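Accompanying notes for the structure given below.
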Amino acid sequence: MDNAEMTRLLQRVAEGDQNAFRTLSNVLSQKIFAMAYRFLSGDRAMAEDVTQDVLIKLWQYAPRWEAGGSVQAWISRLTYNASMDVHRARKNKTDEIPETLSVPETAQEDVLRSEYKEILLKAIRTLPERQQEALLLTYFHENSRRDVAYAMQTTEKAVEHLVARGLKALEKLIPSNLNGEKNV
C-alpha cells in the first residue's frame, strides 16, 4: 500500500472510521512489530506490547496527524519512541532467563550474532538521543533519509549529519575485531 492510500485511511481514522483503522492496522502491525522486535533485542512479548501501544496511539493521535508526510515514517517514530520508553523502563531491571531454551543447530553463530547486536545496541544507546534515533530508524528499520527526516521533524541533510556523527562515534566505541585478535 502506498503513502497516498495510507494517508487517505489515516484521514478516515481521524474521523473515527473503525474500518479504516482496522485496514491500516492490518497493513502496519507486522512492520511495527518487526521494528519493535529489533529495537528491543528480540524480546517478542515486549515487541507485541509496543505494537499494541503504537496501534492505540495511532487511533488516538490520528486527528492530530498532519497530512503531507509519510505515514510509515510517522508510525516508525511512534514505534521508536514506544520502544525506547520500554527500554528506559526496564534499564535497571535484570533480564530473566527463560525456563526453556531451545538450542538451534547454528547456536554458536546465533550467539555471536546476538552478542554483537547487543554490543551494537549498547553502544548506540550511549550516543546522544538524536543520533540514536537517526541510526535506529535508518539501519534497524531501513527507512529512507527522507522518511527519517520527516519522522524526526528535521531535514535530510541534518539526518545525514546525525548518522555520520553516530557512525563515527560507534567506530570508537566498538572494537573492529571483537575476538581481541589484532588485524594484520
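The values are calculated or read from the model by the stated rules, or taken from the named source; none is laboratory data. This one's a predicted model, so the numbers in the text were calculated from it and none came from an experiment. Virtual Cβ from ideal backbone geometry, glycine too; neighbours counted across all protein chains shown. Quick note on the areas: whole protein, heavy atoms, side chains included, nothing else; ligands and nucleic acids left out. Shrake-Rupley method; radii C 1.70, N 1.55, O 1.52, S 1.80 Å.
Side notes on the structure shown:
- Accessible surface computed residue by residue for the range 1-97, with neighbouring protein chains in place and a 1.4 Å probe, gives 56 Å² per residue.
- With all protein chains in place and a 1.4 Å probe, the accessible surface of the range 1-61 carries 46 percent carbon and sulfur.
- Summed side-chain charge close to LEU162 - residues other than LEU162 whose Cβ falls under 12 Å, Lys, Arg +1, Asp, Glu -1: +1
- Extension gain for ASP49 to LEU173 (0.36 nm times residue separation, less C-alpha to C-alpha distance): 41.5 nm.
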